[in-house]
Amino acid sequence: MHNPKEIDCTCALGIPFKYDRIRELGVPYLNQRWRAYCSRKFNKVLVEMGDRLKDSGILHVDSIKAILTGGCYVDKPGQHGKGNACDFDGFLTGDDEVVLYKAGVNLEVEGYRIRSMSRKLASRIACAISLHAGVVLTEHYNSLHEDHIHFDISRGEKWLNGGSRSQNLVVQAALKYWHDNTVQIDGIVGKQTRKAMKEFLGDSSAGTWNITDTRWKAFLEKVAAG
Ligand SMILES: [Zn+2]
């Protein structure tokens, strides 16, 4: 059994994590001593994910001061308890603007402007994360995840046969926001999802077209690139 707190991963993504779950304050928690910890294996995933987020232009090192999180290792059952999970809540910009994953927020608290990120950006981030973590749970998965993206490595980052419900939801949300507004986000891949994905990939091949692991990864990369 590995130690779930092997590594201090506060800066693993290249921009420091900041804990922001003290909701009554409304603003990011200002305890400078707060640190994120995770397993060695998960830390490696975070470092690679951070490179992708920076290379794809999602994380701007100059303008983003912190990544808001509920933490990685958390003393509870499941993947957090193993140090193999993380919750992404949003960003804190250099202008003290809080940009949340949660939709429909627009307010000002103690000098911080707090707003939601666009759904386009939210789905772009979910796609980038999906290239590194096999389980990615978003606002479409259930109401517990309406204010954060949970990701963990309990499953490999492979397209499961037919897609898992959470994978399908990430794909459909990206299609809706990046390609065709009429795509239903229902977690079930059918004709409409396949057709939209094929179009988005610019694939004109004839015959039966199914989502494969290679096509899924190409799709995630294209959305992540913006
Ligand atoms: Zn979580």
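Laboratory data are not the source of any read-out in this text; all were calculated from the coordinates shown. Bear in mind that the values here come from a model prediction, so they are computed numbers and not experimental data. Glycine gets a Cβ as well: all are built from the backbone with ideal geometry, and neighbour counts include every protein chain shown.
Which value, in nm² and rounded to one decimal, describes the direction-averaged projected area of the C-alpha convex hull of the chain?
That works out to 12.6 nm².
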In the neighborhood of His148, defined by Cβ-to-Cβ distances under 10 Å, what is the net charge if each Lys or Arg adds +1 and each Asp or Glu adds -1? -4
Considering the options Ser130, Leu53, Leu92, tell which one lies farthest towards the positive end of the dipole of the chain, charges being +1 on Lys and Arg and -1 on Asp and Glu at the Cβ, about the Cα centre. Ser130
As I understand it, the dipole of the chain uses +1 on the Cβ of Lys and Arg and -1 on the Cβ of Asp and Glu, about the Cα centre. Which of Val109, Val189, His150 lies farthest toward its positive end? Val189
Where Lys and Arg each count +1 and Asp and Glu each count -1, what net charge lies around Ala196 among other residues with Cβ under 10 Å from its Cβ? +3
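With r as the distance between the Cβ atoms of Asp51 and Arg113 and R0 = 35 Å, compute the FRET efficiency 1/(1 + (r/R0)^6) and round to 0.05. Walk me through the numbers before you get to the answer.
Values: r = 29 Å, r/R0 = 0.84.
It comes out at approximately 0.75.
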Inter-label distance, nm, simple model (7 Å from Cα along the C-beta direction), Lys191/His179: 1.7
For the range 7-117, give the magnitude of the charge dipole about the Cα centre (Cβ charges: +1 Lys/Arg, -1 Asp/Glu; no others), in debye to the nearest 20. 500
Sorted peptide list for 194-201, 206-213, criterion being average Cβ within 10 angstrom, highest first: 194-201, 206-213
Rounded to the nearest 0.05, FRET efficiency between Asn106 and Val61 (Cβ-Cβ, R0 30 Å) equals 0.70
Can you check what the net charge comes to around Ala133, using other residues whose Cβ is under 13 Å from the Cβ of Ala133 (Lys, Arg +1; Asp, Glu -1)? +1
Residue order, fewest to most beta carbons within 10 Å, for Met117, Met49: Met117, Met49
Percent of Cα-Cα pairs more than 22 Å apart in the range 7-117, please. 31
Mind putting a number on the dipole of the chain about its Cα centre? Charges go on the C-beta only, +1 for Lys and Arg and -1 for Asp and Glu, and I need it in Debye to the nearest 20. 640
Give the residues of the range 152-176 whose amide nitrogen is closer than 16 Å to a point set 7 Å from the Cα of Ser205 in the direction of its Cβ. 159, 162
For the chain, what does the helix formula give at 222 nm: sum of -39500 (n - 2.57) over DSSP H segments with n ≥ 4, over the residue count, nearest 500 deg cm²/dmol? -9000 deg cm²/dmol
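Based on the mean of other Cβ atoms within 10 Å per residue, sort peptides 8-20, 154-166, 70-82 so the most packed one is first.
Working: 8-20: 20.2, 154-166: 15.3, 70-82: 17.6.
Ranking, from highest mean packing down: 8-20, 70-82, 154-166.
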Straight-line reach check, Lys41, cutoff 22 Å on alpha carbons, 8 or more apart in-chain or any other chain, hits among lysines -> Lys5, Lys18, Lys54, Lys76, Lys82, Lys158, Lys217
